[in-house]
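K.L.:
Structure incoming, see below.
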Amino acid sequence: MADEIAPEQEPEEKEEERATTNGQVTRRQFLVGAGVGAVIGIAGTAGVLTLVHPTAPVEQAQTVATPSTTSATATASALVEGTKLIALNVNGRDYEIAVEPQYTLAEVLKRDLGLTGTKLGCNGSMCSACTVLVDGVAQNSCSLLAIREVGKKIITIEGLEQNGKLHPVQAAFWDNAAYQCGFCTPGQILGAVELLNKIKNPTDDQIRAAMSGHMCKCSAYPNILAAIQAAAKQMA
Ligand code: FES
Ligand code: FES
């Protein structure tokens, strides 16, 4: 039988091999090291975590059942000093992520989980562009530490759509053109969802009061008000 032929090395692998021999740091090693805050676990099928070693290429991922204390401990031991392995539930999926204690929830959502629908405006709890739902409560994710959100259910704008169908508030914003540039829109929508989950038929004044922290530089406020009233009728 003919000997098995080794697969051709990718250019990056060759570069890595050469640089390792020379004691240099390759681009891949740098990126992996810089991404310590990266996702190291993404829930695949229900109840299964795909753990990705934070210092290994993604293709070396191992799949384990959750919870997996042994695997989590093994992974945690490989973390860069100062980082912590935390579990977050976002949009109904479980993630294990290596974070530094000062990382905000907004940073982790956008940078590490790739949920870029969450917007950063002021990054200082003044505009509400970064609003997400935490256990059903609208919160400024720029002002929450990710390590303090363990065990809570986090919903971002990406998590509102169900089975390819927009949430009634999303549909109402679309139908009423309740935006111009759209930068504030994810936060506005999640703020409105929290409001309509609490008050079924809010008055205009109740909507204005509930949404008062949501800044819109484009001043789309009249259309936002109309959209929330339309969504209230749909959800009643
Ligand atoms: S970006 Fe969070 S409140 Fe402005
Ligand atoms: S639509 Fe532009 S900031 Fe609100």
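What follows draws every value from the coordinates through simple rules; no lab data is involved. Since the structure is predicted, the reported quantities are computational estimates derived from the model, not experimental observations. Every residue, glycine among them, receives a Cβ derived from its backbone with ideal geometry; neighbour counts consider all protein chains shown.
K.L.:
Sorting D94, D112, D205 on the 10 Å Cβ count, fewest up front, what's the list? Numbers along the way, then the final one.
P.N.:
Numbers: D94 18, D112 21, D205 8.
Ascending Cβ contact count within 10 Å gives the list D205, D94, D112.
K.L.:
Among C181, C122, which comes first, second and so on when ranked by fewest other beta-carbon atoms within 10 Å?
P.N.:
Values: C181 10, C122 14.
With the fewest neighbours first, C181, C122 line up as C181, C122.
K.L.:
Count the net charge of all other residues whose Cβ sits under 11 Å from the Cβ of V134, scoring Lys and Arg as +1 and Asp and Glu as -1.
P.N.:
Working: positive: R148, K152, K153; negative: D135, E149, E194.
Result for the neighbourhood of V134: 0.
K.L.:
For a footprinting-style exposure proxy, rank S128, S141, S212 by other Cβ within 10 Å, fewest first. Please report the intermediate quantities before stating the final value.
P.N.:
Working: S128 25, S141 31, S212 10.
Listing S128, S141, S212 from fewest to most nearby Cβ atoms yields S212, S128, S141.
K.L.:
If the label point is 7 Å along Cα→Cβ of K84, which residues in region 116-160 have backbone nitrogen under 11 Å from it?
P.N.:
Residues 145-150 qualify, since their backbone N sits under 11 Å from the label point.
K.L.:
Run down the lysines and flag those whose C-alpha is under 26 Å from the C-alpha of K110, throwing out any fewer than 8 positions away in its chain.
P.N.:
K84, K119, K152, K153, K165, K217
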